[in-house]
Each structure stands twice: as structure tokens, then as C-alpha cells.
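The values are calculated or read from the model by the stated rules, or taken from the named source; none is laboratory data. Source: prediction; values computed, not measured. Cβ coordinates were reconstructed from backbone atoms using ideal geometry, including for glycine residues, and neighbour counts include every protein chain displayed.
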Amino acid sequence: MRPMILLADGAGRYVSSGVIQISVTNLVIIAAMILVFVLALVLPFPGRHHQDSSDRDS
Amino acid sequence: MTAVDTDQPPVATPTSWTARVRERISRIVPPGQALPDRQPAYMSSWIYVFGVLTLAALIVVVASGVVLALGGVTWWHVSSLGHFVNSLHLWSVELFFAFMVVHLWGKFWMAAWRGNRALTWMTGVVAFLGSIGTAFTGYLSQANFASQWISTQAKDGLNSVGVGAFFNVMNPAQMLLWHVVLLPLVLGVIVVLHVILVRRHGIVPPIDADEETAS
């Protein structure tokens, strides 16, 4: 029976810059969250135009 | 029983403790604001959705966690349904944190502590930190190689700050109890307080909007 060898250092890709080291997976997740944040600010909310034209909340 | 004269105006200071508690509860949030059906116009933005998305994810986290507690470690490791509920618990936590961080970014950049809302902001901060601790003890409670790896890596950091004596990350039973009893209780109370404070003080208006005219 062949012995099984686990190589942890082969798992995943990392981006390094000085003292900062982050996995590509985590970097993608952070970028996606920033994208969601920006989209939440710029995308129109459904019904917004209708509400702005009425005096419902004034 | 006390006879009440209906011709007299209501007594200003209730004498029984139940009446006093009832009065106190009724004054926690302004009338009609506990479950409002109308919101200020400035809330017509996606950035205001992430708070309730965080709450919705938390409900799924708690519900899936309750099912995991019913089945136990062997169930979530070996059965198909156990794997599914385990994954549901994990991914609802991932979404919970993602929604909460976007909510945090939005509230930070709109300076949401304005207008006597400092306690609302601080309960949110404590809920965020408590959530990190709850998630951490959850990763330690997986009962697999990952939890062993995380615990042995974390013990040195926690020992270096002197908390290892009473918070032993290499004690799976202690970590499981912190994860399923202590931290959820504390977190649950803080989240309820946070939501009550949001309803009490209202949603913070945009920085360039007048507080009085915006609501």
C-alpha cells in the first residue's frame, strides 16, 4: 500500500506584496463585496421614481 | 382588584409593577414605529436593504444550527441530509458576514451614529465582534481536520494574550458550548437591542438631508 502524502503548500494560490499575503479566493471575495457595495449605491431602487414624484413621505 | 372610577382621568403613576412594566414597554419605541409600514423617502436605496438581509441570514444560521444540534456530529458528517444542513449553516454564515460588512460600510460612510444614535452604532459594533467569536468557535466545533488545524494555530495567539487558561480552544466540548449556548445568547440579546434602538431612533437620514424634514 502506497503511503499517502499531503502537500498543504500546494493548495490554493496566493498574492504577495511585501508583508501582505492573501489568497486569490479571499481577494476575489473582497472585490465582489466592494462591487456589491458600489452597485447598492448606484443602482436605482424599484419604485423610487414613483415615490419621488408623490408626496407620500413629505 | 381595585375599583376604577371611569369618570376620573387615568392615574399618572401606575401603582402595580405590571402596569409600570407595561408603560415602560409601550414607551420603548414611538407609537407605530415597532413594525412600521411606511418609511422615509431617503430609504429608497439598495444600501438600506443590507441590515435586514443580515437579519434574514442570521435567522437561517440559527435555524440550521438548531437542526445540526438535533442530529449531532456523526449525523452532519456521514448523512446526506446532515451534509446539506451543515453546508446550509456554513453558507448562511458566509452570507451573514458579507451582508453585515456591506451594512457596516454603508453605515460608516453615512456616519450613522449621528442624531443620538451612538448606542445603536455601538451595539452594532459589539454584535459584529460577537459574531466573529461565534463563527470562530463554530469553526472549532466542526470535528474535522480543519477544526484541529485552526485550534492548534489559534492557541498560541490566545495564550500570548493570557486568555488560554479559561478559553481553551483545544477543548472541543468547551468551544461547542460557547458556540451553541453562551455566544448565541449574548449575540441574540445584542441584536434585539440593536433592532429596538433602530426602531426607537429611526433610520439615520443622509448627511445632506435635514433630520426633521427627511422623516
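Being at pLDDT 90 or above, assigned to a helix (DSSP H, G or I) and farther than 30 Å from B:Lys107 by Cα is the requirement here; does B:Thr74 meet it?
Yes.
Just one of the numbered conditions (1) more than 14 Å from chain A (Cβ to nearest Cβ); (2) part of a helix (DSSP H, G or I); (3) aromatic (Phe, Trp, Tyr) is not true of B:Phe96; which one?
Only one criterion in (1) more than 14 Å from chain A (Cβ to nearest Cβ); (2) part of a helix (DSSP H, G or I); (3) aromatic (Phe, Trp, Tyr) is unmet by B:Phe96, namely (1).
Report whether or not B:Gln39 is modelled with pLDDT under 85, among the polar types (S, T, N, Q) and either farther than 24 Å from B:Trp121 by Cβ or exposed (fewer than 14 other Cβ atoms within 10 Å of the Cβ) (or both).
Spelling it out, it is not the case that B:Gln39 is modelled with pLDDT under 85, among the polar types (S, T, N, Q) and either farther than 24 Å from B:Trp121 by Cβ or exposed (fewer than 14 other Cβ atoms within 10 Å of the Cβ) (or both).
Search the range A:18-31 for residues that are surrounded by 12 or more Cβ atoms within 10 Å (Cβ to Cβ) and pair each with any residue that is in a strand (DSSP E or B) when their beta-carbon atoms are under 7 Å apart and the residues are at least 6 apart or on different chains.
Here the result reads A:Ile22/A:Tyr14; A:Ile22/A:Val15; A:Ser23/A:Tyr14; A:Leu27/A:Val15, each pair linking the range A:18-31 to a residue that is in a strand (DSSP E or B).
Of all helices (runs of 4 or more DSSP H) completely enclosed by the range B:136-215, which ones contain at least 1 residues that are within 27 Å of B:Gly82 (Cβ to Cβ) and among the small types (Gly, Ala, Ser)?
B:145-160, B:172-177, B:183-201
Within the range A:10-27, can one find any residue that is at pLDDT 90 or above, part of a helix (DSSP H, G or I) and within 9 Å of chain B (Cβ to nearest Cβ)?
no
Give the residues of the range B:23-50 that are within 14 Å of another protein chain (Cβ to nearest Cβ) and part of a loop (DSSP other than H, G, I, E, B), sorted by residue number.
Residues satisfying the conditions are B:Pro36, B:Asp37, B:Arg38, B:Gln39, B:Pro40, B:Ser44, B:Ser45.
Testing B:Val102 on (1) surrounded by 18 or more Cβ atoms within 10 Å (Cβ to Cβ); (2) in the same structural domain as B:Phe136 (by TED's automatic domain parsing), one condition comes back false. Which one is that?
(2) is the only condition that B:Val102 fails.
If we scan the range B:108-116, do we find a residue that is modelled with pLDDT of 95 or more, surrounded by 18 or more Cβ atoms within 10 Å (Cβ to Cβ) and in a helix (DSSP H, G or I)?
So far as the range B:108-116 goes, no, none of its residues is modelled with pLDDT of 95 or more, surrounded by 18 or more Cβ atoms within 10 Å (Cβ to Cβ) and in a helix (DSSP H, G or I).
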